[in-house]
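Beneath this line is the structure, given in structure tokens, with notes to follow.
The values are calculated or read from the model by the stated rules, or taken from the named source; none is laboratory data. Predicted model, so just to flag it, every value in this text is computed and none were measured. A quick note on method: Cβ atoms are made from the backbone with ideal geometry, for glycine too, and the neighbour counts reach across all protein chains shown. Ligands, DNA and RNA are excluded from the accessible area calculation, which covers all protein heavy atoms including side chains. Shrake-Rupley method; radii C 1.70, N 1.55, O 1.52, S 1.80 Å.
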Amino acid sequence: MKTTKTIIAWMEDRPGVLARVASMIRRRNYNVVSLAVAPTETPAISRMTAVLECDASQEKLVGMQLRKLVNVTNVVTDLTPDKAIFRELALIKVNADASKRSEVIHLAEVFRGQVVDVGPQTLTIEATGTQDKIDSLIELLQPFGVREVARTGPVAMLRGTANGRGISGNGRKAEE
């Protein structure tokens, strides 16, 4: 049974590296549900959080294949909510004329969202949280008329002192 699995990979921040990683995933015919890549606290290293449509054995296989790539410095698979924190960012533009604004703003506040843009007929809400939270907010905003949604896809980080690279923030070996 195919579900979605999250993989974190650290890679050199150089031209072509992300293309090489994406190409490896494409050649194996895995569907990429979301992909988030950004620089890390370590200079010249980027962190990729990929959500793939695959089963557990395929996730393990992708992890092994990523580790073989020269420019990939580390890979973490088998991320579950008890081992990692997952968050997603969404920008949601919703119809909100003057008569509906307070209702939309109140709904955004319930989800700890913020209004980041106000137009004559619209509000744009920024929301962060789990994928379920973002889905729920969008569903509740649907009756107002959702005009546009931009989502990052989840990013993930291991819980506690573990940093996914085997070293805790203080330089000691991370807890398993």
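Which of the residues spanning region 9-28 are of a type in the set (Val, Ile, Thr) and farther than 11 Å from VAL62 by Cα?
Of the residues in region 9-28, the ones of a type in the set (Val, Ile, Thr) are 17, 21, 25.
Listed by number, the list holds a single entry, VAL17.
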Exercise. Residues LEU123, LEU141, LEU66: which one is more than 17 Å from the chain's Cα centre (by Cα), within 20 Å of LYS5 (Cβ to Cβ) and touching a residue at least 12 places away in the same chain (Cβ under 8 Å)?
Worked result: LEU66
Seminar exercise, completed: All conditions in (1) at negative phi; (2) out of contact with any Ser or Thr (no Cβ under 7 Å at 6 or more places or on another chain); (3) open to solvent by less than 60 Å² (accessible area, probe 1.4 Å) are true of ALA156 except (2)
Problem set entry | Near pairs, Cβ below 6 angstrom, 6+ apart or cross-chain, from region 146-163 (farther than 19 Å from ALA36 by Cβ) to any residue that is open to solvent by less than 40 Å² (accessible area, probe 1.4 Å) and among the aliphatic types (A, V, I, L, M) | VAL146/VAL94; THR161/ALA174; ALA162/ALA174
For this session: Could you tell me whether any residue of region 37-45 is of a type in the set (Val, Ile, Thr), touching a residue at least 12 places away in the same chain (Cβ under 8 Å), under 16 Å from THR6 (Cβ atoms) and out of contact with any Ser or Thr (no Cβ under 6 Å at 6 or more places or on another chain)?
Result: no
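Among the residues of region 34-53, write down those that are more than 15 Å from ILE8 (Cβ to Cβ) and of a type outside the set (Asp, Glu). Can you show your working first?
Step one: of region 34-53, the residues more than 15 Å from ILE8 (Cβ to Cβ) are 43-44, 53.
Selection gives PRO43, ALA44.
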